[in-house]
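What follows is a set of notes on a single structure, which appears directly below.
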Amino acid sequence: MKKVIIIGGGAAGMQTALRLAERGIEPLILEKEAEAGGKLRGWHALFPTFTPAEEVLTELRRRIEEKKIEIRTRSEVRSLTPKSVTLADGQRLDCDAVVLASGFTLFDAAIKEEYGYGLYDNVFTSADIERMLNEGRVARADGSAPRRIALLHCVGSRDEKVCQQHCSRVCCITGVKQAMELKQRFPEADIFNFYMDIRMFGPGYEEMYREAQQKCNVHFVRGRISEAAPTLDGRIQIKAEDTLTGRPLRMSVDMLILLVGMRANDDSAALAESAGLQRSPSGFMAPRDHFLHNVESNVEGIFYAGTVTAPKNIGETLNEAIAAADAAADYLNE
């Protein structure tokens, strides 16, 4: 039986493995973390349906167990070729093809020092809010309920100053989703989304955006926050400009939430160099082309699935994983 090694045990890696097994090919998943599931493990609900992330993850895990697909956790890949993968401990694993499904890294909000993440209380990232929602307790640092919340879009996206010029695509809809979830928990709170441009590209996204405004009374302000500073009473004062009116704006909020974008993994450069893989200017892996061979690399026998090539939502990731598995299976059956 032909064997394919899948690097990455998140949604893309698991879906790829399931499809390969259906095609009669033996998949082996290598996951560097202690547990499979990737970023999906830390998410609360998925847009635009508010489907619990745990439901999707549980179903993927159930299918993996049912098919008896092997997942090796704590297995970090150091280098690869189309026929082998070498782990950080020096162990070499042979195979017939490789699917790279190693995902992305969240932008480190602390790099944008002007927003005070890691310096001031009550400045959070969108990932922090998802964790709080999972834990069933969203609150300020002192445990109190917020009365005014600001969400800032494009932190670590479309920003030349931090070498992240690409759009992360899912931050806008995440901001809308989280604003609606927070409004449900704190009906009396005023919630503001500060944005550069609202990009509602997916099915149901525009409708969700309208619902946030019309039914949830979430406020949307076109403008970037220039700085944030703590106040004596434990709040965060933000300065911004409403670019639609051209007026400066200053307000104090109880919580500032930074919607962090996706960036390429730190190890992508080393992996690309080891196998001769091409990368995009953004640092993500570059597919052979963006149309007919978008899940193939420039090296025969190495394939891509999910956000290793660009920011995507979960639905796109799962669909692309099937395409990657089929491309790998067709390659092996030629």
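Quick look at the values:
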item	result
Whichever lysines have a C-alpha closer than 16 Å to that of K112, once near sequence neighbours (fewer than 8 apart) are set aside	K161, K239
Mean separation of Cα contacts under 8 Å, 6 or more apart, over the residue count of the range 109-262: relative contact order %	33
DSSP-assigned coil residues among GluC sites (Glu not before Pro) in the range 94-188, each with at most 13 further Cβ atoms within 10 Å	E188
Among (1) 32, 57, 11, 0; (2) 31, 52, 17, 0; (3) 29, 59, 12, 0, the entry derived from the coordinates for P(r) over Cα pairs in 20 Å bins from 0, in percent	(2)
R250-M1 pseudo-label distance in nm [points 7 Å out on the Cα-to-Cβ vector]	6.8
Candidates per chymotrypsin sites (Phe, Trp or Tyr not before Pro) in the range 16-122, loop by DSSP, up to 14 other Cβ within 10 Å	F50
Those lysines that a straight Cα-Cα span of less than 22 Å connects to K2, excepting residues fewer than 8 apart in one chain	K67, K68, K83
Qualifying aspartates and glutamates (Cα of each under 12 Å from Cα of K215; at least 8 residues distant if same chain)	E207
Relative contact order (percent, whole number), the chain, Cα cutoff 8 Å, 6+ residue spacing	21
³J(HN,Hα) computed for each position of the range 221-233 - Karplus, 6.51 cos²θ - 1.76 cosθ + 1.60, integer Hz, glycine/proline x	10, 7, x, 8, 7, 7, 7, 9, 8, x, 9, 5, 8
Amide H partners (placed H, <5 Å) of S79, local residues excluded	T86
Separation of the M200 and R72 label points, Cα + 7 Å toward Cβ, nm	4.7
Built amide H within the under 5 Å cut-off of V155, gap 5+	L259, G261
Sparse-neighbour loop sites [trypsin sites (Lys or Arg not before Pro); the range 181-280; at most 13 other C-beta within 10 Å; DSSP]	K215
Mean separation of Cα contacts under 8 Å, 6 or more apart, over the residue count of the range 18-177: relative contact order %	18
Tilt relative to the chain, helix 171-185 - C-alpha long axis, 0 to 90 degrees, to 10	60
C-alpha long axis of helix 53-66 to longest principal axis of the chain, angle in °	10
R0 of 30 Å, Cβ-Cβ distance V162-N319: FRET efficiency to nearest 0.05	0.50
The range 280-288 - phi-based ³J(HN,Hα) in whole Hz, Karplus 6.51/-1.76/1.60, Gly and Pro as x	7, x, 6, x, 6, 5, 9, x, 4
Spin-label pair S144/E33, simplified geometry with 7 Å Cα→Cβ offset, distance in nm	3.4
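Computed from the coordinates by the stated procedures, all read-outs in this text should not be read as laboratory data. Worth saying up front: this structure is predicted, and the values here are computed from it rather than measured. Neighbour counts run over all protein chains shown; Cβ positions are idealised from the backbone, glycine included.
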